[in-house]
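Down below is the structure, laid out as structure tokens.
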Amino acid sequence: MKETNGPKVLIFDIETYGGLKAHMSEISVFGYKWIGEKESHILSGLDFAKEFKKDFTNDKPLLIALSKVWNEADVVIAHYGQKFDRCFLNARIEKHRLPPLKPVVLIDTWRISKDNFVLGGNSLNVLQKFFNSPYQKIDLTYEEWRKVQIGDIKVLKKLKDHCRADVLGLEYVFKNHLIHYTNKMPNWNLFKGIPVCPSCGSKDITKNGLRYTTTGIHQRFYCRVCFHWSLKPLKKGMVR
């Protein structure tokens, strides 16, 4: 098998003009980062000056740019992304009669936290603080959030910084902690020509006993990099 760079994993976040309902608000900012790349990217209506000047609430140009990024991904990681981000995007995209987003696996870090930890909440802010993320939330005051709703340029620039901190903080929390608790990551063995950790692609994996199931015997592997456990079916006669 020809070796490639691996799956395209997208860290993703959106901000709105102050509302949680797609019929009463629009997308003001979206941020993203590809795992494995250094740069994060934050776009807002300010990046579409002509449309922004005419109507700052027109999120159609932002949705077109957002869809292009989303459709390149093999998997998307978003906090509360299953119940909010994807649903909000679907509604706004349909509102503008744009093509639907590509169906893609979405890993919701809120769900991972809720199902696996007992913390003082499952917000990204709680996770960033608990896991000592070097990227902490940049808070906006109530007055600043009000100004977002009227298209205040100065506050929108701060909101872009707020979104960038969320994207970088989400990546840190996921890569260093939450990745251990999901089996939805694309299997790196489909992209590499040698056996690797299916979760992170590391070659630093070791055999760690067998697992017996109703369908057969499996070799158990452990990754020394991301601490992921994985299995490989053994053919009859291979056990020794």
Lys, Arg +1 and Asp, Glu -1 on Cβ, resulting dipole of the chain about Cα centre, debye, nearest 20 | 1000
Please determine, in degrees from 0 to 90 and to the nearest 10, the orientation of helix 86-95 with respect to the longest principal axis defined by the Cα atoms of the chain, where the helix direction is its Cα long axis.
-> 50
Amide proton proximity set for H228, modelled H, under 5 Å, gap of 5+ = C223
Give the dimensionless ratio obtained when the Cα radius of gyration of the chain is divided by 2.2 N^0.38 Å.
-> 1.16
Out of residues 5 or more away from V105 or on other chains, whose amide H comes under 5 Å of its own, with H placed 1.01 Å from N in the peptide plane?
-> V76
FRET efficiency for Y181 and T57, Cβ-Cβ distance as r, R0 = 35 Å, nearest 0.05?
-> 0.35
Over 24 Å (Cα to Cα) among K160/K184; K114/K137; K38/K157; K50/K83; K33/K102; K33/K175 -> K160/K184; K50/K83
Positive end of the charge dipole of the chain (Lys, Arg +1 and Asp, Glu -1 on Cβ, about the Cα centre): tell me which of Y17, S199, L140 has its Cα farthest that way.
-> S199
What residue among A49, V173, L119 has its Cα farthest toward the positive end of the dipole of segment 9-181, where the charges are +1 on Lys, Arg and -1 on Asp, Glu, each on the Cβ?
-> A49
Full extension between H96 and Q219 adds, at 0.36 nm per residue less the Cα distance, a length in nm of 39.2 nm
May I ask for the net charge around D74, where only other residues with Cβ less than 13 Å from the Cβ of D74 are counted and Lys, Arg are +1 while Asp, Glu are -1?
-> +2
Determine ³J(HN,Hα), in whole Hz, for all residues of segment 148-157 in sequence, where each value follows from phi through the Karplus function 6.51 cos²θ - 1.76 cosθ + 1.60 and θ = phi - 60°; x replaces Gly and Pro.
-> 4, 5, 10, x, 5, 5, 4, 6, 4, 5
Sequence neighbours fewer than 8 away in the same chain don't count; with that in mind, list the aspartates and glutamates whose C-alpha is under 18 Å from K21.
-> D13, D59, D85, E94
According to the Cβ-distance criterion of 4.7 Å, cysteines of the chain with no possible disulfide partner are C87, C163
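Each reported figure results from applying straightforward, stated rules to the coordinates on display, with no laboratory input. Nothing here was measured: the structure is a model prediction, and the numbers come from that model. Don't worry about glycine lacking a Cβ; one is built from the backbone with ideal geometry, like all the others, and counts go over all protein chains shown.
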